[in-house]
Amino acid sequence: MLSALLSLCVLQGAGRDSVVYDLAPAPLTRFEVLTGKAGLLGFAGHAHAIQARSFSGRIVWYPDEPPASHVTISVATDSLEVLTPPDTAEIRKVTAAMREEVLDVAHYPELTLTARVVDRTGDTLRLQASLTIKGQTRELPMTVRAVIGLDTLRASTTFSIKQTDFGIRPFRGGPGGTVRVADRVTFTIEAVAVRLR
């Protein structure tokens with residue numbers, strides 16, 4: 001009887017073996033946010049590309065049971081930096097406004113993304129994710145293209161959110177706030193993760 005129970009435990013454990021990958025730092029991994037323009041004088045403003053300089057993440061992958069797999073990513077909000085337009089003075093101004101007025105990094109130092117795998121078809125994974133920005137968490141579906149190797153995992157995804165869904169008022173500038181960032185922003189993640197030894 002004891003040997004039968006031990007055998008059962010071994011079989012169950014074998015089916016639940018996981019492979020753990022840690023997210024590689026930039027520039028191997030790219031975490032980017034693209035904003036649009038809105039407002040009466042939106043034509044006079046700029047679309048901004050914003051990139052994270054500091055983040056961490058872990059993927060726990062169950063090869064024999066993909067729906068048990070999960071992902072966690074944490075981004076330091078004070079590492080988010082505006083890359084465009086190419087005017088240095090304006091980049092500094094917009095970056096400061098984003099960190100202080102929009103994201104309030106002093107009180108909300110992290111942006112987090114957690115997700116679990118729902119389904120796998122070839123190299124395509126469907127995930128159910130929870131995104132937390134400025135203390136507000138929202139659920140969203142994600143489609144991820146992933147190439148999972150023995151020692152390296154590569155994945156990419158793009159998804160959009162509305163800032164107002166997270167209690168964020170899109171940044172306004174110009175005369176009377178007539179130039180502003182559009183409510184909808186697009187996230188692009190191109191990840192390289194290395195197997196944890």
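The values are calculated or read from the model by the stated rules, or taken from the named source; none is laboratory data. Just so it is clear, the model here is predicted, and its values are computed rather than measured. Every residue, glycine among them, receives a Cβ derived from its backbone with ideal geometry; neighbour counts consider all protein chains shown. The accessibility values were calculated without ligands, DNA or RNA, using every heavy atom of the protein model including side chains. Shrake-Rupley method; radii C 1.70, N 1.55, O 1.52, S 1.80 Å.
Within the range 128-175, take every residue that is polar (S, T, N, Q) and under 12 Å from the mean Cα position of the chain (by Cα) and give me the one that is most open to solvent (accessible area, probe 1.4 Å).
My answer is 158.
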| remark: Picked from the range 107-146 (must be in contact (Cβ under 8 Å) with a residue 40 or more places away in the chain and of a type in the set (Val, Ile, Thr)), the residue farthest from residue 54 (Cα to Cα) is 118
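Per-residue answers, yes or no, for (1) basic (Lys, Arg); (2) at pLDDT below 95; (3) under 30 Å from residue 119 (Cβ atoms):
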residue	(1), (2), (3)
46	no, yes, no
52	no, no, yes
58	yes, no, yes
61	no, no, yes
69	no, no, yes
73	no, no, yes
79	no, no, no
83	no, yes, no
89	no, yes, no
| Among the candidates 117, 147, residue that is touching a Pro at 6+ places or on another chain (Cβ under 6 Å) and not charged (D, E, K, R) | 117
